1. In segment 38-53, which residues are surrounded by fewer than 21 Cβ atoms within 10 Å (Cβ to Cβ), over 18 Å from the mean Cα position of the chain (by Cα) and either of a type in the set (D, E, K, R) or under 20 Å from residue 11 (Cβ atoms) (or both)?
2. Taking the conditions exactly as written (more than 18 Å from residue 123 (Cβ to Cβ), hydroxyl-bearing (Ser, Thr, Tyr), open to solvent by 10 Å² or more (accessible area, probe 1.4 Å) and assigned to a helix (DSSP H, G or I)), does residue 76 satisfy them or not?
3. List, please: which pairs have Cβ atoms under 6 Å, are six or more places apart or on different chains, and start with a residue in segment 32-61 that is assigned to a helix (DSSP H, G or I) and at pLDDT 95 or above and end with one that is among the small types (Gly, Ala, Ser) and open to solvent by 30 Å² or more (accessible area, probe 1.4 Å)?
4. Just the residues that are without any contact (Cβ under 8 Å) to a residue 24 or more places away in the chain and more than 16 Å from residue 153 (Cα to Cα), please, taken from segment 89-110.
5. Go through segment 198-217 and give me each residue that's of a type outside the set (A, V, I, L, M, F, W, C) and within 16 Å of residue 166 (Cβ to Cβ).
6. Of everything in segment 240-253 that's under 27 Å from the mean Cα position of the chain (by Cα) and of a type in the set (A, V, I, L, M), which residue is surrounded by the fewest Cβ atoms within 10 Å (Cβ to Cβ)?
7. Could you please find all residues in segment 201-246 being among the small types (Gly, Ala, Ser) and assigned to a helix (DSSP H, G or I)?
8. Given the criterion among the acidic types (Asp, Glu), open to solvent by 40 Å² or more (accessible area, probe 1.4 Å), under 28 Å from residue 33 (Cα atoms) and part of a helix (DSSP H, G or I), identify the matching residue among 167, 139, 117.
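The values are calculated or read from the model by the stated rules, or taken from the named source; none is laboratory data. Just so you know, these numbers come straight off a predicted model, no measurement behind them. Here the Cβ positions follow ideal geometry from the backbone for every residue, glycine too, while neighbour counts run over all protein chains shown. The protein model used for the area step is the full one, side chains on, heavy atoms only, and it has no ligands, DNA or RNA in it. Shrake-Rupley method; radii C 1.70, N 1.55, O 1.52, S 1.80 Å.
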Amino acid sequence: MKSEFHILLRDIQAAARIGHPDSLYAALDGLLDLPQFSGNHPIPETTLQQIILPIGRALARPRINAATLRPLTNHSHAVFRATAAAALTLQYLQGINGTTLKDLTALAQDPRDDVREAIRIALVHHPEDDAQMLDTLYETWLASSSLRLQTLALGILPQLQETAILEKLQQLRELSLAPNPEFRKLLANTLSQLAAGLYPNEVLELLANWAVQAEPDTWLIGRCLSKSWAAAYPQQALALLETLAAHVGPNKQIRKALLNLYQYGAQAEVMAAVQAWKGSENPQLSAAGRDEKLITKL
């Protein structure tokens, strides 16, 4: 299959250099001869990186304009829409063919996750991203009423420059969290990625701000603190979990975060915290410290 793809990629690259639409479409039709695309099944991330992104790069040429790509953006097979998404993203970043943010927006709201993921992957793997362009993408899509655009914006956040990331984390303090599980899961994963990198203190500060809200999102905060990075900051993580437990009592996500902190090396700190919770005058916190589902696993 690998050799088949390399032959196909060479054909697509040759057609793209010429720029004749009919020749290009004929070459692209070869994608449907590859077994992973013929059934229009979901496209794994590795396939997007190894096949769709190289083809997107081949199509991101001055001779391939929006009119040439338009039939691909509306194609019934997601592989063609994903390919167009990668190509338009790269054209936008390179500032060629007048490709604008508006050109990306329709594909950024495609019902298929893999088509939208092709845009994120193209952004992540472009070696010379324009900082202002990425910032505009993030701000525009996060402010959109479209959940799909909001979630794609979160995928861009770790790619911004350091000063921009610090600014965006401050802005997230005032974010009205979407109740959608997909959005909250991606937000937790994005924050965990940032915390595991250069921004643990900023993420902890953000989580602390959310934890003291009248109705804190225990699932979101607990999921962030369930990742391995949190074990390097056991006192801060346990203080946040204590705030949540004092509000909601025994809770599945709090339990998971405590068990993961314990597993990742903060055994002494977790045991001491749970013991202190048991003696609390706060009935919810005391109940969380006596949680049998937790105690039997420590």
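1. 38, 50
2. Values: more than 18 Å from residue 123 (Cβ to Cβ): yes; hydroxyl-bearing (Ser, Thr, Tyr): yes; open to solvent by 10 Å² or more (accessible area, probe 1.4 Å): yes; assigned to a helix (DSSP H, G or I): no.
Here the answer is no, as residue 76 does not meet what is asked.
3. From segment 32-61, the pairs are 32/38.
4. 100
5. Step one: filter segment 198-217 for residues of a type outside the set (A, V, I, L, M, F, W, C), giving 199-202, 205, 209, 213, 215-217.
Correct list: 199, 200, 201, 202, 205, 209.
6. Out of the qualifying residues, it is 240.
7. Selection gives 208, 211, 222, 228, 230, 231, 232, 237, 239, 245, 246.
8. Details: 167 fails: under 28 Å from residue 33 (Cα atoms); 139 fails: under 28 Å from residue 33 (Cα atoms).
Just one listed residue meets the conditions, 117.
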